[in-house]
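This report refers to the structure that appears directly beneath it.
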Amino acid sequence: MTETQPRHALVGRNSWKTVRTLLRKIRTKSSSSDRPRSSTIQDVKQDSTTTIDESANVSVAEFTIPNIQKALVVARKGEYEIRHDFPMPTVGDDEIMIRSHYVGLNPIDWKSVDYNFCLPEFPWVTGREMSGTVAQVGSGVKHFKEGDPVWTSTYYKDVRAGCFQEYVVVPSHTVLPIPSTVPFEAAACLGVAALTASMTLWKWLGVPIPWSTTDDAEEQWLLIWGGSTVTGQFATQIANFSGIKVVTVNSSETRSLSECLGATHVVVRDGKTDKQLVEEIRAVTNGRITRAIDLVGPKTAALALDSVSKSDPVAFAPLAMMSSSQIVPDNVAVHTVEMKQFVLDKSNVRFTEELGRLLEDGKIVLPELHMIDGGLHSVQEGLGMLKRGNLRGKKLVVRM
């Protein structure tokens, strides 16, 4: 059943009677209360204000953290199950427990299950990004308190951090406050796409942060193959703020999207041969691309390598994988982007701080959201939509 709800429906109705009723509904096993429904929130712009639904308005102090929770688990190879008695995660001294309100869906979520990777054992909980409220803090955590609205990006090796469960536990340095300009539901797309775009550019590809100054007046070009992807949308804007010209490759349906986000030139791939695409990219940039990101796959990674400078040093991030047999030109450095470093290396928090400044200042246009109701019972439906593709730049977010 498909239903479109206005944004104002997420706000208000704050009586504690309503809240208690909602919490009972969240925890019930009734399939009728969990039936998937989807809706679309369009045009979440930089002037948006934080949206809080009635469950997000609940102070954690007003209810008791349960002994068990509901989780969508990968029970065995390629098979999901809803567990209503999944153990509650414990909280270490420097960790935070978050009660989930919104979960972002990403290609890695279905690929890891379909191809059986990033699953240390069975049953396991997947899911890499979410927004919610702090439910409990460890004894060593001083900068957050119960009830704070937050977002996070998680690491697959800790089952407590899998986002497809009602409560997640993560290291405190990976928990970020939701900027005042970011709607609660939109914060669920920051942990993968926004963080990947910013870290790829700033950490691996050497793009200067927007606040820094550079004496290098030489024209610089970044190629983004897959400009309409959510990661591509964030990367286009971040690079543009740093004074780097961006050329993206899109379908004709999403050309205007990348143009509106600041791409200097959009190459429309429809009806063109691979050779024509490469020739157009090189002609537009005068063969001066020194940074490139591929967000599609091994074939387009090869085309991206054909499009970059033949003489200047080039930094390339094949985010959607590259063939192990791919021949790489001598002037190209291929960077393996490991987003787990955000969790494993606390020094990478500086990148989320810079990202947070851009968001708080309202400089970044957020992606259009396609909201899916039904909680954990609707995650598989959403992953199926993601797998089929053609979302035209929309981000899938599940309302928990």
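The values are calculated or read from the model by the stated rules, or taken from the named source; none is laboratory data. Remember, predicted model here, so these are calculated numbers, not experimental data. So basically every Cβ, Gly included, is an ideal-geometry build from the backbone, and we count neighbours across all protein chains shown.
Here are the numbers for this structure:
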read-out	value
Tally of residues being aliphatic (A, V, I, L, M) and farther than 19 Å from A239 by Cβ across the stretch 350-380	5
Qualifying residue in the stretch 304-316 (condition: under 19 Å from V365 (Cα atoms) and aromatic (F, W, Y))	no
Set E253, E259: member being assigned by TED's automatic domain parsing to the domain that holds I289, in contact (Cβ under 8 Å) with a residue 40 or more places away in the chain and among the charged types (D, E, K, R)	E253
Candidates L376, L358, filtered to the one that is within 29 Å of R255 (Cα to Cα) and either of a type outside the set (S, T, Y) or in contact (Cβ under 8 Å) with a residue 60 or more places away in the chain (or both)	L358
Where N390 falls short, out of the listed (1) at pLDDT 95 or above; (2) more than 19 Å from T126 (Cβ to Cβ)	(1)
Single unsatisfied condition, C189 versus (1) touching a Phe, Trp or Tyr at 6+ places or on another chain (Cβ under 8 Å); (2) of a type outside the set (D, E); (3) under 15 Å from L359 (Cβ atoms)	(1)
Check on N286, in contact with a Leu (Cβ under 8 Å, 6 or more places away or on another chain) and either in contact (Cβ under 8 Å) with a residue 12 or more places away in the chain or of a type outside the set (S, T, Y) (or both)	no
Residue match in the stretch 332-349 (condition: in the same structural domain as W151 (by TED's automatic domain parsing), of a type in the set (D, E), crowded, with 20+ Cβ neighbours inside 10 Å and out of contact with any Cys (no Cβ under 9 Å at 6 or more places or on another chain))	no
Residue in the stretch 355-364 that is assigned by TED's automatic domain parsing to the domain that holds E81, among the aliphatic types (A, V, I, L, M), surrounded by 14 or more Cβ atoms within 10 Å (Cβ to Cβ) and in contact with a strand residue (DSSP E or B) (Cβ under 8 Å, 6 or more places away or on another chain) present	no
Qualifying residue in the stretch 385-395 (condition: assigned to a helix (DSSP H, G or I), of a type outside the set (A, V, I, L, M) and surrounded by 19 or more Cβ atoms within 10 Å (Cβ to Cβ))	no
Residues located in the stretch 254-285, provided they are out of contact with any helix residue (DSSP H, G or I) (no Cβ under 9 Å at 6 or more places or on another chain) and either under 15 Å from V296 (Cβ atoms) or at pLDDT below 95 (or both)	T254
Subset of the stretch 349-400 [small (G, A, S), touching a helix residue (DSSP H, G or I) at 6+ places or on another chain (Cβ under 7 Å) and over 19 Å from Y80 (Cα atoms)]	G393
Near pairs, Cβ below 8 angstrom, 6+ apart or cross-chain, from the stretch 289-306 (farther than 23 Å from E219 by Cβ and touching a residue at least 12 places away in the same chain (Cβ under 8 Å)) to any residue that is assigned to a strand (DSSP E or B) and of a type in the set (D, E)	T300/D294; A301/D294
